[in-house]
Amino acid sequence: MLNKLIASILPYFPKKFIWIFSQSYISGETIDDAMRVSKELNSKKIKITLDVLGEFINTPEEAEANKKEYLDLIDHTYKTGIDGNFSVKPTSFGLLFDKELCYNHIRQIVQKAASYNGFVRIDMEDSPCTDMEIELFRRLKTEFPGNVGLVVQAYLKRTLAEVKKLSDLNDEKHPLSFRLCKGIYVEPEAIAYKKYEEINQHYLEDLEYMLKNKIHVGIATHDKPLIEGAYRLLEKYNVPKNMYEFQMLYGVTPKLRESIVNQGHTMRVYVPFGTHWFGYSTRRLKENPKMASHIIKAIFYKG
């Protein structure tokens, strides 16, 4: 209860205080910051996915600026020799006020990545965006079959059915690629599972369907029981290493991450950066109120 109260208050603190928390989870504000962190992770045999922070924009001008930033990022990343790909949030490109504008912007980003034989992952946002983001993915997957993937959220009751519907796009040469996560947005009980055990059960059900049906999956979790469940499924279906990877957020559970890498599994870390780090940070607080007490300790410890 106390942690939740602190988490609700902290977003109103000066940004310099929130940065004490944020610097562990965000690579910085600039491309150079992202490249520095990416090189460090690559040196530990960890792949990365880069994300420019800033979603739920309001104007076409913001959408255009975000697109240009991603196009520059893609050039910079591959010219720097980073082993990584890219994550995009459709609301950063105008999804909520102009679907076609959003599609055209993200299509240019995927096309740019494809010119380097690269890959772009479309993030799944809150439930009002779900249908539009699935439609967006379907359009892009048809044109760029090997260069685009989608995030799906295990806590949504519709997820397994949607994965099955999208299976018509799956083929041996260019398999579907999903990042399977639990889900972070607060959704009504009518459409989302709420209990920890329930969400984990459906996560593993979704994962089993993907592995059994030769769908590439990013197993995105920091939950040890889910990781152990994933190990069992990988063994059960004798899944080749090129058909899955584990994925984690930058700065979260580094020891668990290291143990997965040491066992020979591919690991990819989500590396966010950008000037809009404050909104991302306060969302992390809402997702994990336990972090709030650590921030308070850090503030007083550092004076």
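The values are calculated or read from the model by the stated rules, or taken from the named source; none is laboratory data. Being a predicted model, the structure only gives us computed values, none of them experimental. Glycine also receives a Cβ, built like all others from the backbone with ideal geometry; neighbour counts cover every protein chain displayed.
Checked against (1) in contact with a Ser or Thr (Cβ under 9 Å, 6 or more places away or on another chain); (2) without any contact (Cβ under 8 Å) to a residue 40 or more places away in the chain; (3) of a type outside the set (Val, Ile, Thr), residue 22 meets all criteria but (2). Do we find a residue being assigned to a loop (DSSP other than H, G, I, E, B), farther than 29 Å from residue 88 by Cβ, modelled with pLDDT of 95 or more and not hydrophobic (A, V, I, L, M, F, W, C) anywhere in the range 239-262? No, every residue in the range 239-262 fails to be assigned to a loop (DSSP other than H, G, I, E, B), farther than 29 Å from residue 88 by Cβ, modelled with pLDDT of 95 or more and not hydrophobic (A, V, I, L, M, F, W, C). Of the residues 149, 118, 84, 94, the single one that is touching a Cys at 6+ places or on another chain (Cβ under 7 Å) and small (Gly, Ala, Ser) is 94. Criterion first (within 30 Å of residue 73 (Cβ to Cβ), crowded, with 16+ Cβ neighbours inside 10 Å and modelled with pLDDT of 95 or more) does residue 276 satisfy it? No; evaluated as a whole, the condition is false for this residue. Considering only residues in the range 209-225 that are without any contact (Cβ under 8 Å) to a residue 40 or more places away in the chain and out of contact with any Ser or Thr (no Cβ under 9 Å at 6 or more places or on another chain), the one that is farthest from residue 246 (Cα to Cα) turns out to be 212. Checking each residue in the range 207-225 for being part of a helix (DSSP H, G or I) and either over 19 Å from the mean Cα position of the chain (by Cα) or crowded, with 20+ Cβ neighbours inside 10 Å (or both) picks out 207, 208, 209, 210, 211, 212, 225. Restricting to the range 242-253, and then to whatever is closer than 15 Å to residue 215 by Cβ and not polar (S, T, N, Q), can you tell me which residue is surrounded by the most Cβ atoms within 10 Å (Cβ to Cβ)? So, considering only residues that are closer than 15 Å to residue 215 by Cβ and not polar (S, T, N, Q), the one surrounded by the most Cβ atoms within 10 Å (Cβ to Cβ) is 244.
Considered as a group, the residues in the range 176-206 that are modelled with pLDDT under 95 and closer than 30 Å to residue 145 by Cα include one that is surrounded by the most Cβ atoms within 10 Å (Cβ to Cβ), and that residue is 183. Just the residues that are assigned to a loop (DSSP other than H, G, I, E, B), out of contact with any Pro (no Cβ under 9 Å at 6 or more places or on another chain), modelled with pLDDT of 95 or more and surrounded by fewer than 21 Cβ atoms within 10 Å (Cβ to Cβ), please, taken from the range 149-174. Matches in the range 149-174: 157, 158, 170. Here 46, 26, 18 are screened, and the one residue that is hydrophobic (A, V, I, L, M, F, W, C) and modelled with pLDDT of 95 or more is 46.
Matching residues to (1) over 27 Å from residue 139 (Cβ atoms); (2) within 18 Å of the chain's Cα centre (by Cα); (3) not in a helix (DSSP H, G or I):
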| residue | (1), (2), (3) |
| --- | --- |
| 32 | yes, no, no |
| 38 | yes, yes, no |
| 45 | yes, no, yes |
| 63 | no, no, no |
| 72 | no, no, no |
| 78 | no, no, no |
| 86 | no, yes, yes |
| 95 | no, yes, yes |
| 100 | no, no, no |
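Given the options 121, 138, name the one that is surrounded by 22 or more Cβ atoms within 10 Å (Cβ to Cβ), within 19 Å of the chain's Cα centre (by Cα) and either at positive phi or not aromatic (Phe, Trp, Tyr) (or both). After applying the criteria, what remains is 121.
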